[in-house]
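The structure appears below as structure tokens.
Each value in this text was obtained by applying a stated rule to the coordinates, not by laboratory testing. Computed from a predicted model, the values in this text were never measured in an experiment. Quick reminder, even Gly has a Cβ in these numbers, built from the backbone with ideal geometry, and neighbours come from all protein chains shown.
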Amino acid sequence: MAEISFRKAIPSDSLRISVLLKTVYVQTYAVEGVTFEFANFITNRFAASLIEKNIRAHPDRVLLACFNENPVGVAEIIYESNCPIRNISVPELSKLYLLERFYGKGMGYGLLKEVEKQLALRGHKELNLEVYVHNDRAISFYKRQGYTTLGMVDFPMESNTYKNWVMSKKLDQ
């Protein structure tokens, strides 16, 4: 029987996380194919060496959803973030990526709940995130989980910028 689990990432997960992030990013955002800008961005941003360095420096920041011990989803928390709309210190969910074949199985929900639980245990009362304005599936998911829209910000990628919603949720203590 298949086993679903959630855990903190370890440095040896870095290569698999890199592939997972690149795959989800292409599936979600390459609506016009893979441009040079896009290829440069994901190659640099999701390099296994950078992911490993991040996990080593911040062992509580990256959480995984696993299916039979293999990563299928990843979440990253930035504890020392500021809300770009309200300019206050609020932790940020900088990533919540899930392989498409695992949609609708509770994996994204479970990963988000793990993030919220970890934040609440540390005494945080709120969580922010940014989501691309055209990512309707993610926006709908976050709204179902109690997140509300605060405003819009720009996400820069080389010479272009893309609009993102900033969303927030008060956490249960």
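For the range 1-38 versus the range 148-173, the spacing of their alpha-carbon centroids is 20 Å. Between the listed residues Leu20, Tyr109, Asn54, the Cα displaced farthest toward the positive end of the dipole of the chain, a dipole computed from Cβ unit charges relative to the Cα centre, is found at Tyr109. A Förster distance of 35 Å, applied to the separation of the beta-carbon atoms of Lys105 and Phe41, puts the FRET efficiency at 0.75. FRET efficiency for the pair Leu50 and Arg122, taken as 1/(1 + (r/R0)^6) with r the Cβ-Cβ distance and R0 = 35 Å, rounds to 0.90.
Long hydrophobic helices in the chain, taken as whole DSSP H segments with a C-alpha length of 20 Å or more on their own axis and mean Kyte-Doolittle hydropathy at least 0.5: 14-29.
Looking at the square roots a ≥ b ≥ c of the eigenvalues of the Cα gyration tensor of the range 63-137, which shape do they give, rounded for a/c under 1.5, prolate if a/b is larger than b/c, or oblate?
Numbers: a/c = 2.61, a/b = 1.50, b/c = 1.74.
Oblate, since a/c reaches 1.5 and b/c is not below a/b.
Only four residue types carry charge here, +1 at the Cβ of Lys and Arg and -1 at the Cβ of Asp and Glu. Report the dipole size of the range 4-125 about the Cα centre in Debye, rounded to the nearest 20. Mind showing how you got there, number by number?
Values: 16 positive and 12 negative charges, 63 e Å.
In debye, rounded to 20, the range 4-125 gives about 300.
Going by neighbour counts of Cβ atoms within 10 Å, the residues Ile51, Ile85 line up, fewest first, as Ile85, Ile51.
So if R0 is 30 Å, what FRET efficiency would Ile85 and Arg7 give, r being the distance between their Cβ atoms, rounded to the nearest 0.05? Intermediate results must be reported in sequence, preceding the final value.
Details: r = 32 Å, r/R0 = 1.07.
The formula returns an efficiency of 0.40 here.
Between Lys143 and Lys170, the simple spin-label model (points 7 angstrom out along Cα→Cβ) gives 2.1 nm.
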